[in-house]
Amino acid sequence: MRKVFDDYRVLSDETLKPDAPRVEKFLQAMGKSLRQRDNWTFWLPYTLSLDTCMKCGTCAEVCPVYLASGRKDIYHPVYRSDMLRKVYKRYFTLAGRFFPGLVGAEDLTEDKLNAMAENIYRCTICRRCAYVCPVAIDNGLIAREARKIFDAIDIAPDELKKNGTRKQVRLGNATGMPANAFFDMIEFLEEEIEDTRGYKIKIPVDKQGAEYLLVHNAGDYLAFAETVMGAAEVMNAAGVDWTLNSPETGLNDAVNYGVFYSDTEFASVARAHIETAKKLGIKTFVVGECGHAFEALKYLILRLVPPEERPFEVKSILELEDQWIREGRIKVDPQKNPEPVTYHDSCKLGRLGGLYEEPRRILKACCTDFREMTPNREMSICCGGGSGFAIMDKGDFLKFRMETYGKLKAEQLKATGASIVALACSNCKGQFREIINYYKLPVRFMGVSELVANALVYN
């Protein structure tokens, strides 16, 4: 059954090698996921989604991977959910135990377990399906809960766990950048700003008691440094009391890959973020251009960490840039960004974070020719970088990303006629970088903060 995924694998043979007790372990872990006391975070929507799907197919008509695959059944949102639902019915419902054939219940085997493990990593958990479902079934949540069950039996992508959350908590960031290298990077960025802009700014690091702690996706320092520099220029222009932090003071990486596969790993990273903020005594934790990091620290954390343990406010840098432009705290000239610009709504910032108008107000203020992608906002199509996919390239997985999600976004992007696509999420940037190269598009991507910095006017 798993052979259909052999060309686009994200889990290694070592991870999926046969182990007879795994079926039993999976069922035990699934049993825990169905008990409210053991899965209090998302138990209610998860169990309701398992029980009440009407198989109407509405979700399939908005699922990017299903549509772009040519409507292959294995990529249908309900097919994916039913892989888990059949196990649920067989082992955890009375009807399934006695009359499995009548209720669509099936025994779990090693082959089915492996196929399910691979299939749940074809969904980016963009939740577009949940937005249109007439009875609010959340197939994305089912995929995420299934990943939690697999993680409980030690099946998880190395990119998310071994080289993701575990490395992040151990070293301070998922890139493994030590403190001395980080300080060297900051010095380099200051010099780069002076060389390209013609003025000097000082980027504060580890400043105690600052009003704002700005934390980027650590990968941005290496892959998207222009975004980091742009954000520093904006904070400097606003004249606010702010700081970055180094690995010496805790996590200097906004990402939380636990969002994609594990409550336990999520909580571990979230608590490390909280301790870092407390150690520096800041008032506002500012999430840089990273969609899932904003969702994690602004909303999902509410289900895992009591409010009294979070003595600070959380904001996206988009919220601050929008506020400061509208207040006149920073002044911008749209003529400095004369090329046609479009914007991609990150699933985590948009559908899951509610930030739709802020980036649009920013771009309209900073650019002369802003163009919408269609569809956009709530119905924006996932680019394919979400759920950790942007950092997954095993085998031909990159080809899978490009020829499903990526294909739809390339078509959307071309239709705008824009020469710049503005992005506010690191995973989206990684995916769009590949889309532009793969489809040879005459377009470049830029961070929203970079475009704001380009447009800054100093009195």
Next on the checklist: Can you tell me which condition Leu214 does not meet? The list is (1) closer than 21 Å to Arg271 by Cα; (2) surrounded by fewer than 21 Cβ atoms within 10 Å (Cβ to Cβ); (3) touching a residue at least 40 places away in the same chain (Cβ under 8 Å); (4) under 25 Å from the mean Cα position of the chain (by Cα), and all the others hold.
Outcome noted: (2)
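Quick check, is Phe183 among the hydrophobic types (A, V, I, L, M, F, W, C), closer than 21 Å to Gly230 by Cα, open to solvent by 40 Å² or more (accessible area, probe 1.4 Å) and in contact with a strand residue (DSSP E or B) (Cβ under 9 Å, 6 or more places away or on another chain)?
Details: among the hydrophobic types (A, V, I, L, M, F, W, C): yes; closer than 21 Å to Gly230 by Cα: yes; open to solvent by 40 Å² or more (accessible area, probe 1.4 Å): yes; in contact with a strand residue (DSSP E or B) (Cβ under 9 Å, 6 or more places away or on another chain): yes.
It is true that Phe183 is among the hydrophobic types (A, V, I, L, M, F, W, C), closer than 21 Å to Gly230 by Cα, open to solvent by 40 Å² or more (accessible area, probe 1.4 Å) and in contact with a strand residue (DSSP E or B) (Cβ under 9 Å, 6 or more places away or on another chain).
Would it be correct to say that Ala270 is surrounded by fewer than 24 Cβ atoms within 10 Å (Cβ to Cβ), at pLDDT below 95 and under 16 Å from the mean Cα position of the chain (by Cα)?
Values: surrounded by fewer than 24 Cβ atoms within 10 Å (Cβ to Cβ): yes; at pLDDT below 95: yes; under 16 Å from the mean Cα position of the chain (by Cα): yes.
It is true that Ala270 is surrounded by fewer than 24 Cβ atoms within 10 Å (Cβ to Cβ), at pLDDT below 95 and under 16 Å from the mean Cα position of the chain (by Cα).
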Next on the checklist: Go through the stretch 70-82 and report how many residues are touching a residue at least 12 places away in the same chain (Cβ under 8 Å) and either open to solvent by less than 20 Å² (accessible area, probe 1.4 Å) or among the acidic types (Asp, Glu) (or both).
Outcome noted: 6
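Considering the stretch 119-143 alone, what residues qualify as being more than 19 Å from the chain's Cα centre (by Cα) and open to solvent by less than 20 Å² (accessible area, probe 1.4 Å)? Don't jump to the end; show me each part of the working.
Of the residues in the stretch 119-143, the ones more than 19 Å from the chain's Cα centre (by Cα) are 132-137.
Listed by number, the list holds a single entry, Ile137.
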Next on the checklist: If I ask for residues that are under 28 Å from Pro157 (Cβ atoms) and not in a loop (DSSP other than H, G, I, E, B), which ones from the stretch 239-258 would you list?
Outcome noted: Pro247, Tyr257, Gly258
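Considering only residues of the stretch 84-113 that are hydrophobic (A, V, I, L, M, F, W, C), touching a residue at least 60 places away in the same chain (Cβ under 8 Å) and open to solvent by less than 60 Å² (accessible area, probe 1.4 Å), which is farthest from Arg147 (Cα to Cα)? Talk me through it step by step, then tell me what you get.
Within the stretch 84-113, the subset hydrophobic (A, V, I, L, M, F, W, C) is 84, 87, 92, 94-95, 98-99, 102-103, 105, 108, 113.
Next cut, touching a residue at least 60 places away in the same chain (Cβ under 8 Å) only: 84, 87, 92, 108, 113.
Remaining after also requiring open to solvent by less than 60 Å² (accessible area, probe 1.4 Å): 84, 87, 108, 113.
On the way: Leu84: 11, Val87: 15, Leu108: 16, Leu113: 12 Å.
My answer is Leu108.
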Checklist outcome for this item: For the stretch 412-427, pairs from a residue that is more than 18 Å from Thr227 (Cβ to Cβ) to a residue that is acidic (Asp, Glu), with Cβ under 9 Å and 6 or more apart or across chains, are Thr416/Glu372; Ala418/Glu339; Ala418/Asp369; Ser419/Glu339
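Please enumerate the residues belonging to the stretch 60-116 that are assigned to a loop (DSSP other than H, G, I, E, B), of a type in the set (Gly, Ala, Ser) and under 28 Å from the mean Cα position of the chain (by Cα).
If we filter the stretch 60-116 for residues that are assigned to a loop (DSSP other than H, G, I, E, B), which is where we start, we get 63, 69-72, 76, 93, 99, 104-109.
Right, trim to of a type in the set (Gly, Ala, Ser) and you get 69-70, 104-105.
Across the stretch 60-116, the qualifying residues are Ser69, Gly70.
This table checks each residue for (1) in contact (Cβ under 8 Å) with a residue 12 or more places away in the chain; (2) surrounded by 19 or more Cβ atoms within 10 Å (Cβ to Cβ); (3) under 21 Å from Lys414 (Cβ atoms).
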site	(1), (2), (3)
Asp322	yes, yes, no
Val332	yes, yes, no
Pro338	yes, no, yes
Asp345	yes, yes, yes
Lys348	yes, yes, no
Leu352	yes, yes, no
Cys366	yes, yes, no
Met379	yes, no, yes
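Val259 - would you say it is surrounded by 17 or more Cβ atoms within 10 Å (Cβ to Cβ), in contact with a Phe, Trp or Tyr (Cβ under 7 Å, 6 or more places away or on another chain) and closer than 27 Å to His344 by Cβ?
Criteria met by Val259.
Among the listed residues Ile155, Ile142, Ile137, identify the single one that is assigned to a loop (DSSP other than H, G, I, E, B) and under 16 Å from Pro45 (Cα atoms).
On the way: Ile155 fails: under 16 Å from Pro45 (Cα atoms); Ile142 fails: assigned to a loop (DSSP other than H, G, I, E, B).
The conditions single out Ile137.
Is it fair to say Gly328 is small (Gly, Ala, Ser), surrounded by fewer than 21 Cβ atoms within 10 Å (Cβ to Cβ) and free of Cβ contacts under 8 Å to residues at least 40 places away in the same chain?
Details: small (Gly, Ala, Ser): yes; surrounded by fewer than 21 Cβ atoms within 10 Å (Cβ to Cβ): yes; free of Cβ contacts under 8 Å to residues at least 40 places away in the same chain: yes.
Yes: the conditions hold for Gly328.
Any idea which of Lys394, Lys399 is assigned to a loop (DSSP other than H, G, I, E, B), among the charged types (D, E, K, R) and touching a residue at least 12 places away in the same chain (Cβ under 8 Å)?
Values: Lys399 fails: assigned to a loop (DSSP other than H, G, I, E, B).
Unique residue meeting the criteria: Lys394.
For (1) more than 20 Å from Leu355 (Cβ to Cβ); (2) at pLDDT 95 or above, each residue gets a yes or a no:
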| residue | (1), (2) |
| --- | --- |
| Asp393 | yes, no |
| Tyr405 | yes, yes |
| Leu413 | yes, yes |
| Cys425 | no, yes |
| Lys440 | yes, yes |
| Val443 | yes, yes |
| Gly447 | no, yes |
Checklist outcome for this item: Residues in the stretch 392-431 that are under 20 Å from Tyr66 (Cα atoms) and not charged (D, E, K, R) total 14
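The values are calculated or read from the model by the stated rules, or taken from the named source; none is laboratory data. These numbers come from a predicted model, not from an experiment. Reconstructed Cβ throughout: ideal geometry from the backbone, glycine too, with neighbour counts over all protein chains shown. Note: areas computed on protein heavy atoms with side chains; ligands, DNA, RNA excluded. Shrake-Rupley method; radii C 1.70, N 1.55, O 1.52, S 1.80 Å.
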